[in-house]
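> Here it is: the structure, laid out below.
The values are calculated or read from the model by the stated rules, or taken from the named source; none is laboratory data. As the structure is a computational prediction, the values presented were derived from the model and not from experiment. Note that each Cβ is placed from the backbone with ideal geometry, even for glycine, and that neighbours are counted across all protein chains shown.
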Amino acid sequence: MAPVLCLGETMVLGASAHRLPLEETPDVELHVAGAESNVAAGLAHLGQDVEWFSRLGDDPFATRIRALLRSRGVRADAVVTDPRRPTGLYFKDVRPTGSRVLYYRAGSAASALGPDDLDRLHLDRRRLVHVSGITAALSASCDALLERLLTLRRPRPPISFDVNHRPTLWDPATAGPRLLALARRADVVLVGLDEAERLWGTADEDAVRALLPEVASLVVKDADRAATSFTLRDGGDERTSVPALRVEVVEAIGAGDAFAAGWLASWLDGHDPTTALRLGHLMAACTLQHLGDLPPLPPADRLRALAADADWDQIDSTLLTRLPEHP
């Protein structure tokens, strides 16, 4: 039983092999993508023993997902096969103004996740459970699963919650109150400053903290500028901010999950907030330079060494493209 569990839907992603709009491309590449399994793969790359749990259809897409995640070192043995519902699909429509996401996930196998799945999670054996707000938007039963998980009596394992608002799944007026209620019950919360402003009307990192004062560890990501963490320690609140690396962006989708994996890996290993934020930035920078959500990554020991480098401000992100990559 892996001590780290990531829970949520994973789908097969179709994207133009030539970075063209879908109506113009002659070929579509298939990738595996899902916020929580992206985090799981990143954690596994960084040496964590991690499992991903969800529901998949009885179809070739499910086989592809399982195989890819296992190849990345993620356990997936407990995933439920649903013979009545399909594995979810989505497409990236790449355009000069940015990618548009087209979902084909309504009625998917993962949308049938619910409170009855709690017994399959073996929470008494976990050091951390990672979830995201995407799950709450998929169905009433998915939302009920998160509700039950986050309101379990302690001792329960720490739960990390990535807000991950998807406007195509639910509008801010509906999502805002619900995601705030879920976030307030988590032990670790990760949120983008832009989505916090969209959902809750917060203007800066400190305003986000004021909304979530009792969360033990809060990380606010300000796009390509910086990330700031707030950590409760001995009755005080430690605030740490680290600037992001400058990168040439190929695709932004998936970078937030990579950041979460880097930060959580450092958190699990007991590293200081600065190192955790740096490793998050490094993982995000690697992903930003690739089309897929799960690109090859530099060796974990090199990433950790860069995160601990005293000359962080001098690191050139192009160094990452010159490092050897591991799938």
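> Please go through (1) surrounded by 24 or more Cβ atoms within 10 Å (Cβ to Cβ); (2) closer than 29 Å to Leu279 by Cα for Leu56 and return the number of the only condition it doesn't satisfy.
All conditions are met except number (2).
> Related question: Of the conditions (1) within 23 Å of Ala44 (Cα to Cα); (2) surrounded by fewer than 18 Cβ atoms within 10 Å (Cβ to Cβ); (3) at pLDDT 95 or above, Ser217 fails just one. Which one is it?
Of everything listed in (1) within 23 Å of Ala44 (Cα to Cα); (2) surrounded by fewer than 18 Cβ atoms within 10 Å (Cβ to Cβ); (3) at pLDDT 95 or above, Ser217 misses just condition (2).
> Please find, among Arg55, Arg64, Arg72, Arg95, the residue that is in contact with a His (Cβ under 9 Å, 6 or more places away or on another chain) and closer than 24 Å to Ala15 by Cα.
Arg72
> Look at Asp237 and say whether it is acidic (Asp, Glu) and closer than 18 Å to Val39 by Cα.
The answer is no for Asp237.
> Quick one: which residue in Gly256, Gly292, Gly280, Gly270 is of a type outside the set (Ser, Thr, Tyr), under 24 Å from Ala35 (Cβ atoms) and at pLDDT 95 or above?
Gly280
> Same structure, new question: Check Arg246 against each of (1) farther than 29 Å from Arg148 by Cβ; (2) crowded, with 21+ Cβ neighbours inside 10 Å; (3) touching a residue at least 60 places away in the same chain (Cβ under 8 Å) and name the one condition it does not meet.
All conditions are met except number (2).
> Another question, if that's okay. Identify all residues within segment 83-92 that are buried (at least 18 other Cβ atoms within 10 Å of the Cβ) and over 16 Å from Leu138 (Cα atoms); write none if there are none.
Scanning segment 83-92 gives Phe91, Lys92.
> Has segment 215-230 got any residue that is touching a residue at least 60 places away in the same chain (Cβ under 8 Å) and of a type in the set (D, E, K, R)?
Within segment 215-230 (the criterion being touching a residue at least 60 places away in the same chain (Cβ under 8 Å) and of a type in the set (D, E, K, R)), the answer is no, since none of the residues qualifies.
> Which of the residues that make up segment 186-198 are more than 15 Å from the chain's Cα centre (by Cα) and over 16 Å from Phe230 (Cα atoms)?
Asp194, Glu197, Arg198, listed by residue number.
For every residue, the table says whether it meets (1) surrounded by fewer than 17 Cβ atoms within 10 Å (Cβ to Cβ); (2) at pLDDT below 95; (3) farther than 17 Å from Leu121 by Cα.
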position	(1), (2), (3)
Glu9	no, no, no
Ser16	no, yes, yes
Gly47	yes, no, yes
Val79	no, no, no
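> Moving on to the next point. Please find, among Arg148, Arg127, the residue that is more than 18 Å from the chain's Cα centre (by Cα) and over 19 Å from Ala106 (Cβ atoms).
Arg148
> Collect the residues in segment 224-238 that are of a type in the set (D, E, K, R) and in contact with a strand residue (DSSP E or B) (Cβ under 9 Å, 6 or more places away or on another chain), keeping them in residue-number order.
Residues satisfying the conditions are Arg225, Asp237, Glu238.
> Being of a type in the set (S, T, N, Q), under 25 Å from Trp263 (Cβ atoms) and surrounded by fewer than 19 Cβ atoms within 10 Å (Cβ to Cβ) is the filter here; which residues of segment 131-178 pass it?
If the condition is that a residue be of a type in the set (S, T, N, Q), under 25 Å from Trp263 (Cβ atoms) and surrounded by fewer than 19 Cβ atoms within 10 Å (Cβ to Cβ), then Thr151 is the only one that fits.
> OK, next. For Ala110, state whether it is assigned to a helix (DSSP H, G or I), touching a Ser or Thr at 6+ places or on another chain (Cβ under 8 Å), closer than 25 Å to Arg126 by Cβ and small (Gly, Ala, Ser).
yes
> Okay, next question. Ser139 - would you say it is within 13 Å of Glu9 (Cβ to Cβ), under 21 Å from the mean Cα position of the chain (by Cα) and without any contact (Cβ under 8 Å) to a residue 40 or more places away in the chain?
So Ser139 passes the test.
> Which count do you get for residues in segment 133-191 that are assigned to a loop (DSSP other than H, G, I, E, B) and over 25 Å from Ala276 (Cβ atoms)?
Residues flagged as assigned to a loop (DSSP other than H, G, I, E, B) and over 25 Å from Ala276 (Cβ atoms) within segment 133-191 amount to 10.
> I'm trying to understand the selection: among the residues of segment 94-106, which are part of a loop (DSSP other than H, G, I, E, B) and surrounded by 14 or more Cβ atoms within 10 Å (Cβ to Cβ)?
Val94, Ser99, Arg105
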